[in-house]
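Shown next, in structure tokens, is the structure this report addresses.
The values are calculated or read from the model by the stated rules, or taken from the named source; none is laboratory data. None of the values given here were measured: they were computed from a predicted structure. For neighbour counting, all protein chains shown are included, and Cβ atoms are generated from backbone atoms with ideal geometry for every residue, glycine included. We work out accessible area using only protein heavy atoms, side chains counted, and drop any ligands, DNA or RNA first. Shrake-Rupley method; radii C 1.70, N 1.55, O 1.52, S 1.80 Å.
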Amino acid sequence: MHLRLLRHAKSDWGNAAQADRERGLNTRGHRAAPNMGRALSRRLAPQTIHVSPAQRAQLTLAGLCEGWPEMAAVPHLTTENLYSFSYRDLVDWIVKQPGAQDLFLVGHNPAFTDLINWCCADNVISHLPTAGYAELVVTIEQWSALEPGCGELVYSLFPRELQEPQ
């Protein structure tokens with residue numbers, strides 16, 4: 001089984017009075033999300049994504065789909081439990097997912113970095129950057145069996161590794 005994590009793209013901090021959930025993306029974030037979509041489309045088949053309700057996560061998914069039009073045709077689910085900064089909250093949600101299916105999540109740090117390190121039982125990544133992607137293979141048959149050390153980080157991709165489209 002695979003656990004795929006995409007951290008939201010770079011958010012806009014221009015309005016200090018704006019609620020955290022309502023922050024959008026800055027210019028860099030609007031550029032990075034479609035670039036990641038183009039890159040990931042060469043690696044993955046389109047699939048359902050569970051996305052945090054935060055505006056920056058929703059806009060990241062929209063940008064991902066802009067760069068990966070086939071992904072836009074797949075239904076995606078806004079999942080309240082993904083608006084969390086704690087990996088424990090994510091683990092609690094993941095173990096309740098039925099069936100042996102892969103999961104692709106768009107959400108937040110430090111939860112994603114901590115989840116990767118918890119699943120892999122090593123500090124395999126020091127920081128998942130904005131719009132950073134990590135793919136884990138987990139050696140379980142159901143999400144309810146998720147436990148520390150059951151995963152391996154098999155692939156990662158960060159926006160700084162991509163070339164801008166010409």
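Looking at region 89-96, is at least one residue open to solvent by 20 Å² or more (accessible area, probe 1.4 Å) and under 24 Å from G37 (Cα atoms)? Let's see the steps before the verdict.
Of all residues in region 89-96, those open to solvent by 20 Å² or more (accessible area, probe 1.4 Å) come to 89, 92-93, 95-96.
Restricting the remaining residues to those that are under 24 Å from G37 (Cα atoms) gives none.
Scanning region 89-96, I find no residue that is open to solvent by 20 Å² or more (accessible area, probe 1.4 Å) and under 24 Å from G37 (Cα atoms), so the answer is no.
Please tell me if A72 is of a type in the set (G, A, S) and over 15 Å from the mean Cα position of the chain (by Cα). Can you show your working first?
On the way: of a type in the set (G, A, S): yes; over 15 Å from the mean Cα position of the chain (by Cα): yes.
So A72 fits the description; yes.
When both residues are 6+ apart or on different chains and their Cβ atoms are under 6 Å apart, which pairs have a first residue that lies in region 6-26 and is in a helix (DSSP H, G or I), and a second that is small (G, A, S)?
Between residues of region 6-26 that are in a helix (DSSP H, G or I) and residues that are small (G, A, S), the close pairs are R21/A54.
Okay, residues lined up against (1) touching a Leu at 6+ places or on another chain (Cβ under 9 Å); (2) under 15 Å from V91 (Cβ atoms):
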residue: C120; (1), (2): yes, yes
residue: N123; (1), (2): no, no
residue: I140; (1), (2): yes, yes
residue: S144; (1), (2): no, yes
residue: P148; (1), (2): no, yes
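How about region 58-98: which of its residues are among the β-branched types (V, I, T) and free of Cβ contacts under 8 Å to residues at least 60 places away in the same chain?
V74, T78, T79, V91, V95, listed by residue number.
Can you report the number of residues in region 41-58 which are crowded, with 21+ Cβ neighbours inside 10 Å, in contact with a Leu (Cβ under 8 Å, 6 or more places away or on another chain) and of a type outside the set (V, I, T)?
The initial filter retains those residues of region 41-58 that are crowded, with 21+ Cβ neighbours inside 10 Å, namely 49, 51-52, 54, 56-57.
From the residues that got through so far, the ones that are in contact with a Leu (Cβ under 8 Å, 6 or more places away or on another chain) too are 49, 51-52, 56-57.
Remaining after also requiring of a type outside the set (V, I, T): 52, 56-57.
Counting residues in region 41-58 that are crowded, with 21+ Cβ neighbours inside 10 Å, in contact with a Leu (Cβ under 8 Å, 6 or more places away or on another chain) and of a type outside the set (V, I, T) gives 3.
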